[in-house]
Number of protein chains: 2
Amino acid sequence: MSTSETYSGKRTAEIVGITYRQLDYWARTDLIRPSAADASGSGTRRRYTYQDLLELKVIKSLLDSGLKLESVRDVFAYLREQLNEDIASANLVINGSKSVVTRSGDELIDILQNGQGVLNVLALGGVKEEVDAAIVELHPGVSDLPTAAEA
Amino acid sequence: MSTSETYSGKRTAEIVGITYRQLDYWARTDLIRPSAADASGSGTRRRYTYQDLLELKVIKSLLDSGLKLESVRDVFAYLREQLNEDIASANLVINGSKSVVTRSGDELIDILQNGQGVLNVLALGGVKEEVDAAIVELHPGVSDLPTAAEA
DNA sequence: GCCTGTAATTTCACCGTCGTGACTTCGCGA
DNA sequence: TCGCGAAGTCACGACGGTGAAATTACAGGC
């Protein structure tokens, strides 16, 4: 799992499937800043890591499902660390402003049976796949993918 | 399951747990209008049915979970009819702008396993319970509840 | 039957969020 | 050194409400 590569703002937006202005807005409002290099005035460049791409794609998925940005902010404030590790078979479950990453399907079913109110469920494996596919398609020249270490 | 009773705007807001202004806004923007009597100029009165209360509470739950109003509008445009029947053990599953009401737990688990992107899951039985409880607590004088016909 | 008080609806201006377009700046690589 | 591409700025627009004042239907009292 090398991927020490970093991505420009523009490419990042393309890979993740959002507008550049949106990425910019998120960076300036502290939702997610580029981990590799932040901007510091016009002329400087932001650099996003592969991890960032993953987080961005999760955010994008949540927005696409109709969640408001504000909730997404809450979720990420509370759980950013949890996303680091291997993600392939995990699920993200959001319950209002609380959220959990479940590692097994059983755990998920358990939560669903006991859960109250609305639960928002996202399969993280799919997110990773989409990001990887987008990188291959949109990122000419570099084949330094995380190459499905765990399925 | 009598409940031919209707509820004023103010009481409806109290029972459902939203502000009157919000209920008003939803009515005038066509998200949900009172079924028993719509307003037609100031001085007139809106009258909501028990069914309306149920729908409103579903909407409220969805909003509380962080969904934007717009998505909720889509969902309801697409599925209002489905909510009529007995609700006690059903689940509402939203996938982007598509949505389904599942009648069994197995069906739900199935959808979760095959589903892509984010799934928003709401147990409808809980919604009904909350509405009934709120009516009892906030609606002095009338004990004409649907009295748990099916569990 | 008429008048009046009250409670509900309307209206209107205003606020915060989530962007967006377009133009300006300016650092950095060639 | 110079141009390009990326970041910054600013004004603007839609959405989702909200507070407060203005309207007005309707019920109760006389």
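The values are calculated or read from the model by the stated rules, or taken from the named source; none is laboratory data. Fair warning: this is a prediction, and the values are worked out from it, not measured in the lab. All Cβ positions, glycine included, derive from the backbone under ideal geometry; neighbour counts span all protein chains shown. For the accessible areas, the whole protein counts, side chains as well, though only heavy atoms, and no ligand, DNA or RNA atoms are used. Shrake-Rupley method; radii C 1.70, N 1.55, O 1.52, S 1.80 Å.
Using heavy-atom solvent-accessible surface (probe 1.4 Å) with all chains present, what is the largest-first order of A:Arg11, B:Arg21?
Details: A:Arg11 80, B:Arg21 155 Å².
Sorted descending by solvent-accessible area, the residues read B:Arg21, A:Arg11.
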Number of partner chain Cβ atoms within 10 Å, mean per residue of A:59-66: 5
How compact is the protein assembly as shown by the rule of thumb for globular proteins, expressed as Cα Rg over 2.2 N^0.38 Å? 1.17
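Just flag the GluC sites (Glu not before Pro) in the range A:79-140 sitting in loop per DSSP whose Cβ has no more than 11 other Cβ atoms within 10 Å.
On the way: sites: A:Glu81, A:Glu85, A:Glu107, A:Glu129, A:Glu130, A:Glu137; in loops: A:Glu85.
Hits after loop and neighbour filter: A:Glu85.
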Long pairs among A:Lys98/A:Lys128; A:Lys10/A:Lys57; B:Lys10/B:Lys68, criterion Cα-Cα beyond 20 Å: A:Lys98/A:Lys128; B:Lys10/B:Lys68
Size descriptor, Kirkwood hydrodynamic radius, that averages inverse alpha-carbon separations across the range B:68-113, Å: 11.2 Å
Between copies, how close do the A:Ala88 label points come, placed 7 Å along Cα→Cβ, listed in nm from shortest? 4.5
Karplus 3J(HN,Hα) series, Hz, for the range A:48-61 with 6.51 cos²θ - 1.76 cosθ + 1.60 (x for Gly, Pro): 9, 8, 4, 3, 4, 4, 4, 4, 4, 5, 4, 4, 4, 4
Against the globular-protein guess of 2.2 N^0.38 Å, express the Cα radius of gyration of chain A as a ratio, rounded to two decimals. 1.06
Build a GNM of chain B with springs between Cα atoms under 10 Å: which of B:Ser71, B:Ser99, B:Ser42 gets the top mean-square fluctuation? B:Ser42
Name the residues of the range A:107-133 whose accessible area, probed at 1.4 Å, falls by at least 20 Å² once all protein chains are in place instead of their chain on its own? A:Ile109, A:Leu112, A:Gly117, A:Val118, A:Leu119, A:Asn120, A:Val121, A:Leu122
What is the Cα centroid distance between the range B:11-47 and the range A:1-64, reported in whole angstrom? 43 Å
Just tell me how shielded B:68-75 is by partners: mean number of partner chain Cβ atoms within 10 Å of each residue's Cβ, no decimals. 2
